[in-house]
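One structure is given below, encoded as structure tokens.
The values are calculated or read from the model by the stated rules, or taken from the named source; none is laboratory data. Since this is a predicted model, take the numbers as computed values, not measurements. Every residue, glycine as well, gets a Cβ built from its backbone with ideal geometry; the counts of neighbours run over all protein chains shown.
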């Protein structure tokens, strides 16, 4: 019987050049190799039973996960998983799933000849040129019909990855200001009110950190100084004198006038709301309990874990490497899938299915 469950972490399955993207052909190589050598991607229900209750799993079981809920998981990954008899799990940022109805075409439609490859959704071209001249990242996400359909196949489950996957400000230290410019990441939003011209305070994961809250006086002064429409803000930051005026306005507040840290009660309520709203939305749309939670950026604190358990989550996934023995659900380890051949993945599955090797390898990678 399996002594440690390897958990494989993907994000994008697309042709995007990105450090967390795996090309569909490479993903198929991984799935083909696993199937050929007896590895099986297990369902979330099977993984939960093993991790939470110690229910045995066969040797060469693996949990295949996809973070965030990108549409390419449906367009590319779902048909490939089905082709090779694997199951997978999408950890969805619930508030980002799209409300438009209907199922978009997938690789299965290309393979069958129903559509050409060019007829697939725009999952391989996430950057859109803004009329002001810079690129903005606009990733596509599954819609609720697609999430329900993916689950109905028995191949791809959908579970929790927070409501919004946001950061919080973590100190009064800052560098630069929020201005219209190239947006290279999808999950770069900060919890709370962020007008154009606000100082770029240091940030950290929202389910781990105590938030620094800019003062109402600072927010008012920013809005009085910087136009809040995108065109106006872009023109403002193109004017050196205007930018210097903003700098002097902010500096006049001094470190103590820029804001304050949230109270214990405010922090608890913010974290509770983020996890509760995610769970409720997923359960309402999918029609079943959702009891596994994957931490955004793998980052959490003891309080967030306690809140999650109170809400009814029982399995929690991190981004830390290590072993996953049965009946150890509170800090499930994963390893990042890379755009490397099956031989690379084969070795890591061997390592992470053996507790001593998994923990030794994880320590060596620190």
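Filter region 17-59 down to the residues that are in a loop (DSSP other than H, G, I, E, B), out of contact with any helix residue (DSSP H, G or I) (no Cβ under 8 Å at 6 or more places or on another chain) and touching a residue at least 60 places away in the same chain (Cβ under 8 Å), then identify the one that is surrounded by the fewest Cβ atoms within 10 Å (Cβ to Cβ).
Here the answer is 59.
Test residue 322 against the stated conditions and say whether it is more than 27 Å from residue 14 (Cβ to Cβ) and in a loop (DSSP other than H, G, I, E, B).
Yes.
Being closer than 18 Å to residue 142 by Cβ and either assigned by TED's automatic domain parsing to the domain that holds residue 350 or touching a strand residue (DSSP E or B) at 6+ places or on another chain (Cβ under 6 Å) (or both) is true for just one of 47, 92, 52. Which residue is that?
Unique residue meeting the criteria: 92.
Looking at residue 99, is it assigned by TED's automatic domain parsing to the domain that holds residue 87, surrounded by fewer than 17 Cβ atoms within 10 Å (Cβ to Cβ) and touching a residue at least 24 places away in the same chain (Cβ under 8 Å)?
yes
What are the residues in region 116-131 that are in contact with a helix residue (DSSP H, G or I) (Cβ under 6 Å, 6 or more places away or on another chain) and either surrounded by fewer than 13 Cβ atoms within 10 Å (Cβ to Cβ) or in the same structural domain as residue 185 (by TED's automatic domain parsing) (or both), if any?
Scanning region 116-131 gives a single hit, 117.
Consider residue 360 carefully, then state whether it is surrounded by fewer than 18 Cβ atoms within 10 Å (Cβ to Cβ), modelled with pLDDT under 95 and either touching a strand residue (DSSP E or B) at 6+ places or on another chain (Cβ under 9 Å) or not assigned by TED's automatic domain parsing to the domain that holds residue 190 (or both).
Against the criterion (surrounded by fewer than 18 Cβ atoms within 10 Å (Cβ to Cβ), modelled with pLDDT under 95 and either touching a strand residue (DSSP E or B) at 6+ places or on another chain (Cβ under 9 Å) or not assigned by TED's automatic domain parsing to the domain that holds residue 190 (or both)), residue 360 qualifies.
From 329, 289, grab the single residue that is in contact with a strand residue (DSSP E or B) (Cβ under 6 Å, 6 or more places away or on another chain) and either surrounded by fewer than 18 Cβ atoms within 10 Å (Cβ to Cβ) or touching a residue at least 24 places away in the same chain (Cβ under 8 Å) (or both).
Matching residue, one of 329, 289: 329.
Hey, does region 252-272 have a residue that's touching a residue at least 24 places away in the same chain (Cβ under 8 Å) and within 30 Å of residue 150 (Cβ to Cβ)?
yes
Go through (1) in contact (Cβ under 8 Å) with a residue 60 or more places away in the chain; (2) on the phi > 0 side of the Ramachandran plot; (3) surrounded by fewer than 20 Cβ atoms within 10 Å (Cβ to Cβ) and name the single condition residue 162 misses.
Tallying (1) in contact (Cβ under 8 Å) with a residue 60 or more places away in the chain; (2) on the phi > 0 side of the Ramachandran plot; (3) surrounded by fewer than 20 Cβ atoms within 10 Å (Cβ to Cβ), residue 162 fails exactly one: (3).
Of the residues that sit in region 140-155 and are out of contact with any strand residue (DSSP E or B) (no Cβ under 6 Å at 6 or more places or on another chain) and not in a helix (DSSP H, G or I), which one is nearest to residue 80 (Cα to Cα)?
Among those that are out of contact with any strand residue (DSSP E or B) (no Cβ under 6 Å at 6 or more places or on another chain) and not in a helix (DSSP H, G or I), it is 155.
Against the definition (more than 17 Å from the chain's Cα centre (by Cα), under 23 Å from residue 143 (Cα atoms) and either outside any strand (DSSP E or B) or modelled with pLDDT under 95 (or both)), how does residue 5 come out, yes or no?
Here the answer is no, as residue 5 does not meet what is asked.
Per-residue answers, yes or no, for (1) in the same structural domain as residue 278 (by TED's automatic domain parsing); (2) in contact with a helix residue (DSSP H, G or I) (Cβ under 9 Å, 6 or more places away or on another chain):
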position	(1), (2)
135	yes, no
140	yes, yes
146	yes, yes
157	yes, yes
160	yes, yes
177	no, yes
188	no, no
195	no, yes
